[in-house]
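S.K.: The structure follows.
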Amino acid sequence: MEYRGEELKTIIRKKAQDLGVNLFRSCPVERWAEHPIQPPEFWPQNIWPWARHVIVLGIPLYAPMVRTTPSVVYQELYDTSNRVLDDMAYHLANFIFSELGYRAMFFPRDCYSGIEALLKEPCAAFSHVMAGYYAGMGTVGDSHNLITREFGPRVRMVSVLTDAPLPADDMLEENLCIHCRRCLKECPMGAFQES
């Protein structure tokens with residue numbers, strides 16, 4: 001049986017929730033061209049021409065653990081959330097492909113060999129923050145984190161690309177960043193500067 005539209009999306013969302021996903025949103029790849037923020041070489045349709053939709057999965061980072069940064073407690077939270085996200089995305093992409101018959105792949109939550117590579121060239125091939133923004137999961141804050149209604153900026157994401165014909169979620173119209181500059185003041189690593 002071939003599922004389409006909202007029924008297909010409901011089946012995929014239910015599978016994602018069964019895997020433990022807290023936030024689930026999707027959007028067509030055309031959103032990158034309709035609302036261009038990044039150069040075209042970073043748009044999913046230009047990296048994977050067969051992709052038609054991006055599904056974004058999100059899980060929270062727990063505020064009490066984040067507040068310990070820098071610490072082993074935070075490092076474990078970060079490492080664990082990354083493993084969990086990749087596992088969820090792998091299983092969801094496999095479900096879409098093997099059970100529903102559509103092409104699917106996941107783009108891991110981090111795709112560089114180490115922090116040294118990111119420091120040398122501070123860009124990634126694909127931004128889950130931008131995918132979350134285009135899928136209406138949240139808005140991009142001054143810290144360049146995705147800010148969500150549910151978890152604020154304390155959310156980690158991973159993306160599944162597919163050619164499944166999914167209805168799009170609306171982008172958020174209101175900006176969730178209130179420009180309070182708290183990210184600048186409280187960043188334990190001093191990653192932000194006054195502009």
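The values are calculated or read from the model by the stated rules, or taken from the named source; none is laboratory data. None of the values given here were measured: they were computed from a predicted structure. Positions of Cβ are generated from backbone atoms using ideal geometry, with glycine treated the same way; all protein chains shown enter the neighbour counts. Accessible surface areas use protein heavy atoms only, side chains included; no ligands, DNA or RNA. Shrake-Rupley method; radii C 1.70, N 1.55, O 1.52, S 1.80 Å.
S.K.: Considering only residues of the stretch 88-112 that are in a helix (DSSP H, G or I) and among the hydroxyl-bearing types (S, T, Y), which is least open to solvent (accessible area, probe 1.4 Å)?
M.R.: First pass over the stretch 88-112, keeping only residues in a helix (DSSP H, G or I): 88-98.
Filter once more, keeping what is among the hydroxyl-bearing types (S, T, Y): 90, 98.
Details: Y90: 122, S98: 67 Å².
Per the stated criteria, the residue is S98.
S.K.: Restricting to the stretch 133-145, give me the number of residues that are closer than 16 Å to I178 by Cβ and in contact (Cβ under 8 Å) with a residue 24 or more places away in the chain.
M.R.: To start, the set of residues in the stretch 133-145 that are closer than 16 Å to I178 by Cβ comprises 138-145.
Now restrict to residues that are in contact (Cβ under 8 Å) with a residue 24 or more places away in the chain: 138-143, 145.
The total comes to 7.
S.K.: Can you tell me which residues in the stretch 127-136 are open to solvent by less than 10 Å² (accessible area, probe 1.4 Å) and part of a loop (DSSP other than H, G, I, E, B)? Show your work before the answer.
M.R.: Our first condition is that a residue be open to solvent by less than 10 Å² (accessible area, probe 1.4 Å); within the stretch 127-136, this holds for 130-132, 134-136.
Those that are open to solvent by less than 10 Å² (accessible area, probe 1.4 Å) and part of a loop (DSSP other than H, G, I, E, B): A135, G136.
S.K.: Would you mention how many residues in the stretch 140-173 are buried (at least 19 other Cβ atoms within 10 Å of the Cβ) and in contact with a Cys (Cβ under 6 Å, 6 or more places away or on another chain)?
M.R.: Counting residues in the stretch 140-173 that are buried (at least 19 other Cβ atoms within 10 Å of the Cβ) and in contact with a Cys (Cβ under 6 Å, 6 or more places away or on another chain) gives 2.
S.K.: Please specify each residue of the stretch 130-153 satisfying the condition of being at pLDDT below 95 and closer than 19 Å to D79 by Cα.
M.R.: N145, P153
S.K.: Report, ordered by the first and then the second residue, all pairs with beta carbons closer than 6 Å, sequence separation of six or more or different chains, a first member in the stretch 25-43 that is under 9 Å from Y134 (Cβ atoms), and a second member that is among the β-branched types (V, I, T) and open to solvent by 50 Å² or more (accessible area, probe 1.4 Å).
M.R.: No pair meets every condition.
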